[in-house]
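Participant: First the structure, which I've put down as structure tokens, then a few questions once you've had a look.
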């Protein structure tokens, strides 16, 4: 969700930045689609993510990015294990995977705040 929220904010502010999302979980390797709750939360924000597929961190060159945002301390440790990026930001937001719609909505609200802070700092 953060990838698309950030891209929307970047576009709205007329900024030039590239955003990608990758995961550390084994499911990310399977290129799975977004959950129905994710689709709904994003659609309510005017963002269509029906084309999104998960991507795994192993297939990504982390050194191409100026900023890496991680959701949890566990993901932060995984990123740091792969080498020190230029700048790392811990959002400290738990994954709502497998939970109810309210959990996804709460996560989306938190991610919107993170996106605003990031874009505001650009």
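The values are calculated or read from the model by the stated rules, or taken from the named source; none is laboratory data. Please read all numbers here as calculations on a predicted model, not as lab measurements. Cβ placement follows ideal geometry from the backbone for every residue including glycine, while neighbour counts extend to all protein chains displayed.
Participant: Restricting the search to segment 1-21, which residues are more than 20 Å from residue 70 (Cβ to Cβ) and either touching a strand residue (DSSP E or B) at 6+ places or on another chain (Cβ under 8 Å) or surrounded by fewer than 16 Cβ atoms within 10 Å (Cβ to Cβ) (or both)?
Facilitator: 11, 12, 13, 14, 15, 16
Participant: Could you check segment 80-116 and list, in sequence order, the residues that are within 11 Å of the chain's Cα centre (by Cα) and assigned to a loop (DSSP other than H, G, I, E, B)?
Facilitator: 91, 93, 95
Participant: Hey, another quick one. Looking at 19, 69, can you tell me which residue is outside any helix (DSSP H, G or I) and in contact with a helix residue (DSSP H, G or I) (Cβ under 6 Å, 6 or more places away or on another chain)?
Facilitator: 19
For every residue, the table says whether it meets (1) within 19 Å of residue 1 (Cα to Cα); (2) in contact (Cβ under 8 Å) with a residue 24 or more places away in the chain; (3) out of contact with any strand residue (DSSP E or B) (no Cβ under 8 Å at 6 or more places or on another chain); (4) surrounded by 11 or more Cβ atoms within 10 Å (Cβ to Cβ).
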| position | (1), (2), (3), (4) |
| --- | --- |
| 23 | yes, yes, no, yes |
| 27 | yes, yes, yes, yes |
| 42 | yes, yes, yes, yes |
| 46 | yes, yes, yes, no |
| 51 | yes, no, yes, no |
| 83 | no, no, yes, no |
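Participant: Ok, one more. Could you say whether any residue in segment 38-54 is in a helix (DSSP H, G or I) and modelled with pLDDT under 95?
Facilitator: no
Participant: Where residues in segment 57-76 are touching a strand residue (DSSP E or B) at 6+ places or on another chain (Cβ under 9 Å) and more than 15 Å from residue 95 (Cβ to Cβ), which of them is surrounded by the most Cβ atoms within 10 Å (Cβ to Cβ)?
Facilitator: 68
Participant: Continuing with the same structure: Considering only segment 9-21, how many residues are within 18 Å of residue 112 (Cα to Cα) and either over 13 Å from the mean Cα position of the chain (by Cα) or touching a residue at least 60 places away in the same chain (Cβ under 8 Å) (or both)?
Facilitator: 8
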